[in-house]
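Please read the structure below before turning to the comments.
The values are calculated or read from the model by the stated rules, or taken from the named source; none is laboratory data. Just so you know, these numbers come straight off a predicted model, no measurement behind them. Note: ideal-geometry Cβ built from the backbone for every residue, glycine included; neighbour counts use all protein chains shown. All accessible areas refer to the heavy atoms of the entire protein, side chains included, with ligands and DNA or RNA removed. Shrake-Rupley method; radii C 1.70, N 1.55, O 1.52, S 1.80 Å.
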Amino acid sequence: MSDVRNLPAELTIYAVRDAAEQGLGWLSQLDADAGDAPLQIAADGVEEVDAAGVQLLIALSRSLAARGRRLQLLQPSPVLQRALACLGAAALLGDAAPAASETAA
Amino acid sequence: MSQNPSDDDLIAEMLPAFIEEANEQVAAFEQLLLELEDRPDDHERLDALFRCAHTVKGSAGLFGLDRVVAFTHHVETLLDLLRDGLLALTPTLSTLLLQSNDTIRDLVATAQLPDDAASQAAREALVLRLQQACGEAAPSGTRRAAPAAAPAFGTSQRATRWRIAAAFGPEVFRNGMDPLAIFQYLEDLGRLEAGHCAFEQVPELERLDAETCHLRLSAELQASAPGGLSREEIDHAFEFVRDDCELSIEALDGPASADAEPSAALQAQAQVQAAVAELRDLIKPSAAPAPAGAAPARAKEGGSDEGGYIRVHANRLDEVINLLGELVIAGAGASQLARQTRQRGLIEANQRISRLIEGIRNSTLKLRMVPIGDTFARFRRVVRDTAAELGKDVALEIVGGDTELDKAVVERIADPLMHLVRNALDHGLEKAEDRLAAGKPAQGRLTLSACHESGMVLIRILDDGRGIQRDKVLQRAWQRGLVPEGVVPPEDEVLRLIFEPGFSTAEQVTNLSGRGVGMDVVRSNIEALRGSIQITSEVGRGSCMEIRLPLTLAIIDGFLVGVGHSRFIFPLEAVVEVISARPDQLVVDHHGRGCVDLRGRLLPVVDLRRLYGLDAMAAERPSIVVVRAGHRQLGVLVDSLLGQHQTVIKPLGRLLRSLRGIAGSSILGSGEVALIVDADALGHIAASSRHATVQPAAETRLTDPTRVPTADALSVEGTRR
């Protein structure tokens, strides 16, 4: 769990396939661990996002929910925050994890 | 919108008015569009154009004419883009709109008939093209915010708060569409609230194809514009995903009401108010069109209703005019009797009545007067389409469109005019390259003008084309046997040959004109209106058709003269002066033609007695009435001058219809019949050297002269064509 999980700068239709692979990788890593700690992902680097990107995050959060876990986006970039709000997916921002909570990992 | 039977009755009653009004709007639409072709950036006209479509759609909705509404909606959408400057009016677009306008006209005309598959298919094809045209105005997220106050009725329901729900299809992402961009665009229109994305519709990551769209979004949009938003404006955001998206848009409040509760009562009330307003407009549409010379002013009005109008059926007017005719005759009889009594009081009373009758006559006839400009304006489209078809570049100029004449005349002159205009386009004006080769500007000019001239209306159709070649005309006339081979008639008669039946000089017969069936029909139509047509032409410079028409078919001011026992009436406007004839100076030939010296000019004179073979002694002191006949003046030798006379024109009976030089008859107060002289035609008889025109033709001799009211005084020998 030492490796840093980052969302790519481009979270759009052009990159969602790769991002989905990455997400599946994170999920299998989680499966190795017991417990219900949230999946924390640094989201401050997201520069571009579209509805396909938002949908990917929703799918990830659904997978996590199935495991009794949840998604925690760390320091979501303004672009991402706006996109999630606009599409009614603000719930993903959750308790919009402040930088301090990074220690929880 | 009418379950109530009395509403249905009302609508059935109003429907003809709607159709008439819709036709006016459609005509105005066409005019505006054609005017816009010259000035594509004229916002007033664009607005007026939009209003035309909008009015048709609005009132069609009122009558439940769904086809009209549905189709016009697409036109309106396109016009809206034009109005907002998101599209430019290109010739292609203009043609598309003209075709759409034609379709609207057809839809209105067939509104009550069931739809047929062919026209439905044609309509759908047009709708597709309209939508494509709309698509060219890519919104690219920068469409300006909602216009604050657009026309608001039924079609574009406005509200400040809308609920929007969109379920996007699986292919949306792969088609390059981004729902996020759509929702961000909506944020330009207002505030998005209560946004919700149905997470449960999105599969878990393990089962997700990241490029397939599973998004179902909903939100409430609080409009930022004070006037609220229309459904169309929201709908517009989804334009590019419309086929791949289940969209529902519902208003959450009444029009522009701050109340967030959906208020059905409020909406219903607004609809009723709008319906009442539309009905009010329907009841007082423009009966008399605005002067068409003032087309720009008219355009501003977009179907003016200034001053208020009453729509009256033409039959009722005709009834009044018929009665008036009787009144005029009866009045003239009373005046004559009064004069015979030599009682001053009675004579004066009668004069007053006569003046009043004259006033009523003038006002009544004015009721029937319409400007010819509306008819002219129709030719814009004809010229545009025909020129395009022929590959010619032609500019149409309209002069004197506000010249008024009787509605019946206007209606009946439209077809002959159409033929002449097409002829000018087809035969007269050359193709651009031929024009340039001839040293003329590439664009041809066609001028339609109208003006008043001595009590007639003069309509000119002027082109700067190749003109008419006299030798070609003559050769054709020889070929067709219209003129004996080798005989060369005088200059001005050569051109008149083209009005002879079966004449055509077109080397290439097109489907527009040139079948040789037209010009003689044109002439007879014009002559049936008591009008005349003249043609002048200069080779290489162009041709000019001059049509003279009476202002009205009903009543004229006449100048009554006597020849023997016969009475003739000249239209007063045609009379220039009266001179006394000195028998020693005037010699007429046996056709009744001669000349006198009028202040140094040679004046041709016609002797009606000789011309019509009237058998009465010549008067001791005859007079010559000088009348205008086309461009010339003509003297008419008469026995006595009987003064001004209000003349109700009665048509000649079938027997006398082909009588040359006579336009109609009238019944005098005394019960006598007077013949109304057609000065123009008389001029042609006087100028004609062809004896055939005045020679008696045995087979046309009347066999039963007693059937003619004035048979004692009139022989038609030698006066038939």
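Structure values in brief
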quantity: Cα shape, region B:43-82, gyration tensor, a/c 1.5 rule; calculated: oblate
quantity: Kyte-Doolittle mean at least -0.5, axial Cα span of 20 Å or more - DSSP H helices of chain A; calculated: A:16-32, A:51-66
quantity: Exercise: per-residue mean of other protein chain Cβ atoms within 10 Å, B:209-218; calculated: 5
quantity: Neighbouring partner chain Cβ atoms per residue of B:537-547, average, 10 Å criterion; calculated: 0
quantity: Estimated vicinal HN-Hα couplings, Hz - region B:223-228 in sequence order (Karplus 6.51, -1.76, 1.60; Gly, Pro = x); calculated: 5, 8, 6, x, x, x
quantity: Share of carbon and sulfur in the accessible heavy-atom surface of region A:5-95 [1.4 Å probe, %]; calculated: 49 percent
quantity: Cα convex hull of region B:1-108, projected area averaged across orientations, nm²; calculated: 6.4 nm²
quantity: Mean Cβ count within 10 Å, highest first, over the residues of peptides B:230-242, B:561-573, B:582-594; calculated: B:561-573, B:230-242, B:582-594
quantity: For region A:5-95, convex hull of alpha carbons as volume per residue, Å³; calculated: 79 Å³
quantity: Descending semi-axes in Å of region B:596-656, equivalent ellipsoid built from Cα gyration tensor; calculated: 23, 17, 14
quantity: Set of aspartates and glutamates near B:LYS440 by C-alpha distance (under 16 Å), chain-local residues within fewer than 8 positions excluded; calculated: B:ASP393, B:GLU430, B:ASP463, B:ASP464, B:GLU538
quantity: For region B:351-442, diffusion coefficient by Stokes-Einstein and Kirkwood Rh (Cα), 4 °C, 1.567 mPa s, µm²/s; calculated: 82 µm²/s
quantity: Residue-averaged beta-carbon neighbours from other chains (10 angstrom radius) around B:521-529; calculated: 0
quantity: For peptides B:48-55, B:17-24, B:198-205, B:116-123, sequence by mean Cβ density within 10 Å, most packed first; calculated: B:48-55, B:17-24, B:198-205, B:116-123
quantity: Too-long pairs where the Cα-Cα distance tops 26 Å, listed order kept, from B:LYS407/B:LYS650; B:LYS407/B:LYS431; B:LYS57/B:LYS407; calculated: B:LYS407/B:LYS431; B:LYS57/B:LYS407
quantity: Per residue accessible area of region A:5-95, 1.4 Å probe, in Å²; calculated: 41 Å²
quantity: Area hidden from solvent between B and A (accessible, protein heavy atoms only, 1.4 Å, total, Å²); calculated: 2300 Å²
